[in-house]
Amino acid sequence: MLEKIIEWSIRNKFMVALLTVFLIVAGLYALKSTPLDAIPDLSDVQVIVFTEYPGQAPQVVEDQVTYPLTTQMLAVPKAKVVRGYSFFGYSFVYVIFEDGTDLYWARSRVLEYLNYASGKLPRGVTPSLGPDATGVGWVYEYTLESDKHDLQQLRSIQDWFLRYELTSVEGVSEVASIGGFVKQYQVAVDPDRLLAYHITIPQIKKAIQRSNNDVGGRLVEMAETEFMVRSPGYIQSVADLEKVVVGTDGRGTPILLRDLAQIRIGPELRRGLAELDGRGETVGGIVVMRYGENALKTIENVKKKLKELQAGLPEGVHIRTVYDRSGLIERAVDTLKHKLLEESIVVAVVTALFLFHLPSALVAIFTLPVAILMAFVIMGAQGINANIMSLGGIAIAIGAMIDAAIIMIENAHKHIERAPAGKSRAEIILESAKEVGPTLFYSLLVITVSFVPVFTLQEQSGRLFKPLAYTKTYAMAAAALLSITIVPVLMTWFIRGKIKSEESNPVNRLLIRMYHPVVNLVLKWRKTTLVLALAAMLSIAWPLSQMGSEFMPPLYEGDLLYMPTTLPGISITKAKELLQQTDRIIRQFPEVHHVFGKVGRAESATDPAPLSMIETTIMLKPEDQWRKVPVERFYSGWPDWTEWLKKPLRWVWPEQEIITVEQLTEKLNEAIQFPG
């Protein structure tokens, strides 16, 4: 069958070439539209149920909210783990589903079961679903800076202007606010006055609710025109609250709210704050990306939107970026792209060098980019994004992808050398391709299925390594398909002119002269060779047993994250003090561009952090701007009269080098050690 495919391809060159062009165009489109990210998303399929129960202790939240919700969520189909966490005034329930479950199907099932659980919760407590995002959804963070506005005003700008505008950006699931003060009216009741007037707190609460309402009075027709009757009653100032009537005394005199309590404007209770560069509190926003979206495109859209919104901000208010994942994505993907390009160039040069016929080498080189583009077509259809793992699979496959084309070309060269004069070049190439094509196709398929065991990995291991296995498999399968279709066609077009013999290539001649004595030696001493090979294999047993293991190696992102914890129960005032001290110390390092610190939680269901958890994002300058540190060399202690000898040695082994990330991290850890 494979021989017939090869023959059909050579007989129908135009059709095969046309189909190849279509695949190239589709691959270029897929390459352009494939989502980019730094690493695969290792998060489980999870749905967060977030519930506010203001003012209640964690034990009360646990008994009245978290426990009823958790027990109800256990019945959700395909839910494998349900975790509940209770904090002061908040409840988080995480429903983790089996691998492969569609996130939006899972959200609809959780929402369905929430309806059953709502009747078991205290009155006025309404659970809600968290955003349709994952654990790596925090892609962009910014702060608001102004010399003319206080923290309350900046927080109002964030909550009532920026947050809603950014939520409309494509790919954004949520914009969480952090820091500043949320403005609220506060009624501080006087117990003695309540006792004197025989008024209870529920009466005050009911009176405020009753007085903070607009009502309509249908229509009034006057002078051939109808007027809608409306009674505005929303509270708009402290004075409006002071005039709220709570009841009457024994003589019928109205009892006003100002007679029972002090009314003022103050901040809402805070469970988190933000700080910048050790200079003090700031107001910020966290952009949470929607599940499955293109991280790089989403960040670009957010930046574009923020640039537009800057014109609508009050005078003196500026938006400053404090975390931007696009830099990490671009660095990671660009590095791998350059390595792929370098590897392709090396393969191309080696191919041309050994074939010693540039047109023939172009046939083999052509299969590399086409097979990669075909792999991107399947990646796009499957929804695999381009990251260091998926692109790494292509990098692994590059060397083997070109093998079949090279062997087919070499075999064609041999047939042309031995062919009788007058025989058609196309027939010679057809015979040579049919001779080795099927064997090469199956050999590539063997390599293709070599990563099948990786597909059996589950959970986080599977999510990390499956993209690599998929792309490597797709690239090899594409190369196998090309080897029996377009490669024979290109051979008939490009293998022209005089074909030099293998012996005429000086590189081949040299390698053959080196290779033959070695082969003769090992064949002469067969048993010795086998014993040495076995000993070499067994010698790895001891070092292998001494090696440690970890899920994945550390990934240096170009920035650092400092996450200390304090004792439980710390007040927000003390947490703020610790955060500002650590940020100020870190900011003093010359390698640090800026420091954005967060303590407690942002206004998002994706952030359950308590006040005892500090998160400091350390954004670093480019490494060429880092300071140099002295390095002890073997010649450093030599006497001064050997300076003439030290100078050339410094060119090879300099006594000063740019500080490494490990050294910088160690110095940061030393600097921020607090006594006690």
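The values are calculated or read from the model by the stated rules, or taken from the named source; none is laboratory data. Given the structure is predicted, the values throughout are model-derived calculations rather than measurements. Backbone-built Cβ (ideal geometry, glycine too); neighbour counts: all protein chains shown. Just the protein is used for accessible areas: all its heavy atoms, side chains included, with ligands, DNA and RNA removed. Shrake-Rupley method; radii C 1.70, N 1.55, O 1.52, S 1.80 Å.
Lys423 falls short on exactly one of the conditions (1) assigned to a helix (DSSP H, G or I); (2) within 22 Å of Ile6 (Cα to Cα); (3) open to solvent by 70 Å² or more (accessible area, probe 1.4 Å), and that condition is (1).
Determine whether Gly285 is closer than 25 Å to Ser612 by Cα, at pLDDT 85 or above and surrounded by fewer than 16 Cβ atoms within 10 Å (Cβ to Cβ). No: the conditions fail for Gly285. The residues of segment 367-394 that are surrounded by fewer than 21 Cβ atoms within 10 Å (Cβ to Cβ), of a type in the set (Gly, Ala, Ser) and either in contact with a Leu (Cβ under 7 Å, 6 or more places away or on another chain) or within 19 Å of His338 (Cβ to Cβ) (or both) amount to a single one, Gly392.
Taking segment 440-499 as the range and being farther than 30 Å from Glu98 by Cβ, hydroxyl-bearing (Ser, Thr, Tyr) and in contact (Cβ under 8 Å) with a residue 24 or more places away in the chain as the test, the residues that pass are Ser443, Ser483, Thr485, Thr492. For segment 154-167, residues that are touching a residue at least 24 places away in the same chain (Cβ under 8 Å) and crowded, with 16+ Cβ neighbours inside 10 Å total 8. Annotation: Arg496 fulfils all but one of (1) open to solvent by 30 Å² or more (accessible area, probe 1.4 Å); (2) closer than 29 Å to Leu23 by Cβ; (3) at pLDDT 75 or above; the unmet one is (3). Being open to solvent by 60 Å² or more (accessible area, probe 1.4 Å), of a type outside the set (Ser, Thr, Tyr), assigned to a helix (DSSP H, G or I) and touching a helix residue (DSSP H, G or I) at 6+ places or on another chain (Cβ under 9 Å) holds for only one residue in Val446, Val489, Val452, and it is Val452. For segment 100-135, which residues satisfy the criterion of being part of a loop (DSSP other than H, G, I, E, B), open to solvent by 30 Å² or more (accessible area, probe 1.4 Å) and either in contact with a Lys or Arg (Cβ under 8 Å, 6 or more places away or on another chain) or under 16 Å from Pro608 (Cβ atoms) (or both)? Within segment 100-135, Gly135 is the sole residue that qualifies.
The single condition among (1) touching a Lys or Arg at 6+ places or on another chain (Cβ under 8 Å); (2) within 26 Å of Lys148 (Cα to Cα) that Leu260 does not meet is (2). In segment 499-524, which residue that is farther than 30 Å from Leu445 by Cβ and either touching an Asp or Glu at 6+ places or on another chain (Cβ under 9 Å) or not in a helix (DSSP H, G or I) (or both) is least open to solvent (accessible area, probe 1.4 Å)? Of everything passing the filter in segment 499-524, Asn505 is least open to solvent (accessible area, probe 1.4 Å).
Yes or no, residue by residue, for (1) surrounded by 13 or more Cβ atoms within 10 Å (Cβ to Cβ); (2) aromatic (Phe, Trp, Tyr); (3) over 18 Å from the mean Cα position of the chain (by Cα):
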{"site": "Leu560", "(1), (2), (3)": "yes, no, no"}
{"site": "Gln588", "(1), (2), (3)": "no, no, yes"}
{"site": "Val592", "(1), (2), (3)": "yes, no, yes"}
{"site": "Val595", "(1), (2), (3)": "yes, no, yes"}
{"site": "Ala602", "(1), (2), (3)": "yes, no, yes"}
{"site": "Thr616", "(1), (2), (3)": "yes, no, yes"}
{"site": "Lys621", "(1), (2), (3)": "yes, no, yes"}
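In segment 299-306, is there at least one residue being over 27 Å from the mean Cα position of the chain (by Cα), surrounded by 14 or more Cβ atoms within 10 Å (Cβ to Cβ) and in a helix (DSSP H, G or I)? No, that holds for no residue.
Could you figure out which of (1) among the β-branched types (Val, Ile, Thr); (2) farther than 15 Å from Pro608 by Cα; (3) touching a helix residue (DSSP H, G or I) at 6+ places or on another chain (Cβ under 7 Å) isn't true of Val95? Only one criterion is unmet by Val95, namely (2). Pairing residues of segment 612-634 that are free of Cβ contacts under 8 Å to residues at least 40 places away in the same chain with residues that are loosely packed, with under 13 Cβ neighbours inside 10 Å and outside any strand (DSSP E or B), at Cβ distances under 6 Å and at least 6 apart in sequence or on separate chains, gives Arg627/Pro590.
For segment 47-76, a tally of residues being of a type outside the set (Gly, Ala, Ser) and open to solvent by less than 50 Å² (accessible area, probe 1.4 Å) returns 16.
Of all strands (runs of 3 or more DSSP E) completely enclosed by segment 176-281, which ones contain at least 3 residues that are in contact (Cβ under 8 Å) with a residue 60 or more places away in the chain, open to solvent by less than 100 Å² (accessible area, probe 1.4 Å) and in contact with a strand residue (DSSP E or B) (Cβ under 7 Å, 6 or more places away or on another chain)?
The qualifying strands (runs of 3 or more DSSP E) are 183-189, 261-267, 272-276.
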